[in-house]
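Let me begin by presenting the structure, written as structure tokens, before commenting on it.
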Amino acid sequence: MRRTAGLLVVLPMLVLAACSSSSPVKSGPSPAPTSSAPAVPSPVASASPMPTVSGDVGSKAVITLPPGQPSGQFVVSTVSEGEGATVNRGDWVTVNYTAKNWTTGKDVPSSYDAGSKPQLYQAGIGQLVPAFDQSVVGHKVGSRMLVVAPPAAAFGDQGNTQLGVGKGDTVVFVLDILEDVPQDSVVTGTVTPPPANLPQVKENGKAAPTITIPQGVPAPTDLQTSVLIKGDGKPVKSGQTVLVQYTGVLYSNGQQFDSSWNHGGAQALQIGTGSVIEGWDKGLVGQSVGSQVLLVVPPALGYKDQAQNGIPANSTLVFVIDILEAV
């Protein structure tokens, strides 16, 4: 059963990015170590010996390994400091990365490789390996970070065969921080009210909007899309991961059945591939990042004759969706 974003579809890329061939990201960090894994050492700014990094931020880094064995310390070093917002714990961060296995001297797949994409994840909450999870917190968008990750901060005693990382290998990462989106983010801009025969929307700041169903107007039988705020970002493409705030109500009575605001804020999901209801796939692909979109989804593009939690069978659904990012 396809589930809407409103029922908390969270993409496996956040925890399984390097472990499944069906993942939307072809390479990336693995799940955070389990509780039985060795304790993660506290990060230090430098150690001896240290790799060096060359190349411009925004392009694949060149990592040069020094002679000798790694120190065993977890190193988080700023190669160059950006001028953007500071990443806080729980923020959604977009990161490009280059990596090299210090133990073998071989390159590890990079987000700059053909067919790959940046990693979108929540910083500092333990969903990814510490080399990603911890290293960006407190640093600014536009920064390039050099991370030397001993096994406890990388792939542990199990390694990651898909990435060519063996048991107990030390991995060197270079992380380029591209974007930072706090969980309570909303889109802003000039509002274009929807047509009078569609539900009306009242903004409530950093809280779920109020959606009012028009009286005496039958539910539409086709997908209705109204762009309330037109963003100036890139268009959303099929197969991307989108970061959204959303609220969903029933057309029949205006009752809210779910909202990202009830789950801590912005949520990430894959679009255009059947991971969510068809109304979302059809209504969001092609919209610009930074847009707020009203969708009225008929049952045929929603849950059809299958009831869901708080959603009766054959329900027409109404969503207001803020598109915060697409990767």
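Values as computed for the structure displayed
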| item | result |
| --- | --- |
| Pair list, Cβ < 6 Å and 6+ apart or interchain, from the stretch 212-227 residues that are in contact (Cβ under 8 Å) with a residue 24 or more places away in the chain to residues that are part of a loop (DSSP other than H, G, I, E, B) and open to solvent by 40 Å² or more (accessible area, probe 1.4 Å) | none |
| Cβ-Cβ under 6 Å pairs, at least 6 apart or on other chains, the stretch 34-56 side within 17 Å of LEU146 (Cβ to Cβ) and at pLDDT 95 or above, far side of a type in the set (Ser, Thr, Tyr) and open to solvent by 50 Å² or more (accessible area, probe 1.4 Å) | ALA47/SER71; THR52/THR64 |
| Residue within the stretch 161-172 that is at positive phi and in contact with a helix residue (DSSP H, G or I) (Cβ under 7 Å, 6 or more places away or on another chain) present | yes |
| Breaking point among (1) more than 24 Å from the chain's Cα centre (by Cα); (2) buried (at least 24 other Cβ atoms within 10 Å of the Cβ), for GLY254 | (2) |
| Filter result for ASP133 (closer than 24 Å to ALA39 by Cβ, open to solvent by less than 20 Å² (accessible area, probe 1.4 Å) and among the charged types (D, E, K, R)) | yes |
| Subset tally (residues that are over 20 Å from ILE211 (Cα atoms) and of a type in the set (Ser, Thr, Tyr)) for the stretch 236-271 | 2 |
| Matching residues in the stretch 97-111 - criterion: being crowded, with 17+ Cβ neighbours inside 10 Å and either under 19 Å from GLN270 (Cβ atoms) or not polar (S, T, N, Q) (or both) | TYR97, ALA99, LYS100, TRP102, VAL108, PRO109, SER111 |
| Residues within the stretch 35-57 that are in a loop (DSSP other than H, G, I, E, B) and either exposed (fewer than 12 other Cβ atoms within 10 Å of the Cβ) or β-branched (Val, Ile, Thr) (or both), tallied | 9 |
| Selection within the stretch 166-196 - over 24 Å from the mean Cα position of the chain (by Cα), surrounded by fewer than 19 Cβ atoms within 10 Å (Cβ to Cβ) and closer than 21 Å to GLN287 by Cβ | THR190, VAL191, THR192, PRO193, PRO195 |
| Inter-residue pairs, beta-carbon under 6 Å, first among the small types (Gly, Ala, Ser) and in the stretch 128-141, second part of a loop (DSSP other than H, G, I, E, B) and open to solvent by less than 10 Å² (accessible area, probe 1.4 Å), 6+ apart | ALA131/ALA154 |
| Residue that is surrounded by the fewest Cβ atoms within 10 Å (Cβ to Cβ) [pool: residues in the stretch 58-96 that are among the β-branched types (Val, Ile, Thr) and in contact with a Pro (Cβ under 8 Å, 6 or more places away or on another chain)] | THR64 |
| Some residue of the stretch 162-171 being under 30 Å from HIS263 (Cβ atoms) and of a type in the set (Ser, Thr, Tyr) | no |
| Subset tally (residues that are under 20 Å from GLN240 (Cβ atoms), acidic (Asp, Glu) and surrounded by fewer than 23 Cβ atoms within 10 Å (Cβ to Cβ)) for the stretch 273-322 | 2 |
| Strands (runs of 3 or more DSSP E) within the stretch 240-299 that include 2 or more residues under 17 Å from VAL186 (Cα atoms) and among the polar types (S, T, N, Q) | 241-250 |
| Scan of the stretch 140-160 for residues that are within 21 Å of GLY55 (Cβ to Cβ) and either in contact with a helix residue (DSSP H, G or I) (Cβ under 9 Å, 6 or more places away or on another chain) or open to solvent by 40 Å² or more (accessible area, probe 1.4 Å) (or both), ordered by number | LYS140, VAL147, VAL148, ALA149 |
| Residue match in the stretch 242-251 (condition: buried (at least 18 other Cβ atoms within 10 Å of the Cβ) and either polar (S, T, N, Q) or modelled with pLDDT under 95 (or both)) | yes |
| Filtered residue count, the stretch 197-225, keeping only those that are over 21 Å from VAL285 (Cβ atoms), within 30 Å of the chain's Cα centre (by Cα) and not in a strand (DSSP E or B) | 8 |
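The values are calculated or read from the model by the stated rules, or taken from the named source; none is laboratory data. Predicted, not measured: the structure shown is a model, and the values here were computed from it. Here Cβ is always computed from backbone atoms with ideal geometry, including for glycine, and neighbour counts include all displayed protein chains. What goes into the accessible areas is simple: the full protein's heavy atoms, side chains included, and nothing from ligands, DNA or RNA. Shrake-Rupley method; radii C 1.70, N 1.55, O 1.52, S 1.80 Å.
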